[in-house]
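Below you'll find the structure, written out as structure tokens, and then a few comments.
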Amino acid sequence: MLLLDAAGTEAGIGLAALPPVRSAIGSGFETKTITLSCGKLTTGVTVPQWSSILMLRNLNSPETYFQAAFRVQSPWSIKNPNGDNPHEEAVLKPACFVFDFAPTRALRQIAEYGAGLSPEAQNPEHAVEELVKFLPVLAYDGSNMTQIDAGGILDIAMAGTSATLLARKWESAILVNVDNDTLKRIMASPAAMDAILNIEGFRALGSAIFETVVNKSEAVKETKKAKGEKLTPTEKRELTAEEREYKSKRKQIQEKLIKFATRIPAFMYLTDFRENTLQDVITKLEPDLFKTVTGLSVTDFNLLVSLGVFNATHMNQAVFAFRRYEDASLRYTGIESHKGLRHYGLYDTVIAVEDGLAP
């Protein structure tokens, strides 16, 4: 990997900085390069081999931001690649990317730029919708890359997240643990098994599903380890079928636990104790409300938490996102839900509002 420095006077003034960059990149096949710039070469130049840009600073206007982004949109293709068809064209850069790890900043730029392109649009969402047809926006929701629609972009621009992405945080598989060790801990506790069966949908699955997942997954693992490459085609087919079965059942367990987790935001919305940790609100302040909303008693929930069924780190992040989004939406309507509030109660942690939480 070759690092090209296009910053400062030594790199050349204006367009004088471009030839050294093009020379170092060459055809783009032999070298892999990263060009560093503090403003040079962000407007009016074409380097076909540039395929992505990483934004590391605030820019003064949407126009400046997108002029820099457009540098990587330059097409890169070869005419007559095989030398036998002058009408053939090989596209070497089918897509380009703008990476920005300050989503609020980036999407505010898109919202402003979209509105500026269609000033006659009565609804700003329609204006942004036209822009994202040509500039789709992807966001990491905790486990997948998801495309955000125009409404979600405006939500994030105003509140730092969108309702759709917020909901996905509570539908993410990383909130719950369904590995064999966790399932064994549940199976070893009759009280935990009873608690699990109180969650909607689990009674239909039956308690035997846990034993099936653990036993079959460990049997498949041991067989593969013992026989390795000596497995016959028949044995391979049987193992594949066993593997498919226990993975399907593990997925069912995971889905039921996630469905339970999605009820927690509804509980948070109904309770007014924002500065307390969610654990305290559940166990001390609103236990009856929690059981009404989720169907699980405080005792049952505490037991499952102690067994590691729920991931406290990711629950903290999901709770924080919900608190911040709810506050922003209330302020947007002119309501100050907790005037002077300086702390957010997360899942098992309290943080200062100004400190925020790492994504």
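So how far apart, in nm, are the two label points at residue 23 and residue 299 if each is 7 Å from Cα heading toward Cβ?
Taking the two extended label points, one gets 7.9 nm.
Would you please give the FRET efficiency between residue 348 and residue 254, computed as 1/(1 + (r/R0)^6) with r the Cβ-Cβ distance and R0 = 30 Å, to the nearest 0.05?
Taking R0 as 30 Å, the efficiency between residue 348 and residue 254 is 0.85.
FRET efficiency for residue 292 and residue 104, Cβ-Cβ distance as r, R0 = 25 Å, nearest 0.05?
0.10
Roughly speaking, what is the stretch gain from residue 285 to residue 242, that is 0.36 nm per residue apart minus the C-alpha to C-alpha distance, in nm to one decimal?
In short, 10.9 nm is gained.
Please compute the modelled spin-label separation between residue 273 and residue 144, points set 7 Å along Cα→Cβ, answer in nm with one decimal.
3.6 nm
What full-extension length gain, to one decimal in nm, is calculated for residue 64 and residue 82 as 0.36 nm per residue of separation minus the Cα-Cα distance?
Gain on extension, residue 64 to residue 82, equals 2.6 nm.
Arrange the peptides 244-255, 105-116 so that the one whose residues have, on average, the most other Cβ atoms within 10 Å appears first.
In descending order of packing, they fall as 105-116, 244-255.
Would you list 315, 193 from fewest to most Cβ contacts within 10 Å?
Sorted ascending by nearby Cβ count, the order is 193, 315.
What relative contact order, as a whole-number percentage, does the range 1-142 give when Cα pairs under 8 Å and 6 or more residues apart are counted?
17 percent
How would you classify the range 2-168 from its alpha-carbon gyration tensor, with a ≥ b ≥ c the square roots of the eigenvalues: rounded for a/c under 1.5, else prolate if a/b is greater than b/c, otherwise oblate?
prolate
Calculate how many DSSP beta bridges within the range 2-168 are antiparallel, expressed in % of all such bridges and rounded to the nearest 5.
45 percent
Using 0.36 nm per residue, how much length does the chain from residue 222 to residue 184 gain when fully extended, once their Cα-Cα distance is taken away?
11.9 nm
Which FRET efficiency value, to the nearest 0.05, do you get for residue 90 and residue 204 by plugging their Cβ-Cβ distance into 1/(1 + (r/R0)^6) with R0 = 41 Å?
0.15
My understanding is that a pair violates if its Cα-Cα distance is over 32 Å; which of 227/259; 169/291; 133/169; 93/230 do that in this structure?
Too far apart for the 32 Å limit: 227/259; 93/230.
Using modelled amide H (1.01 Å from N, peptide plane; none on Pro or chain starts), what sits under 5 Å from the amide H of residue 41, excluding residues fewer than 5 places away?
none
Quick check: pseudo-label points 7 Å beyond the Cα along Cα→Cβ at residue 38 and residue 230, how many nm apart are they?
Modelled inter-label distance: 6.6 nm.
Coordinate-derived values only; no laboratory data. From a predicted model like this one, the values you see are computed outputs, not experimental measurements. Quick reminder, even Gly has a Cβ in these numbers, built from the backbone with ideal geometry, and neighbours come from all protein chains shown.
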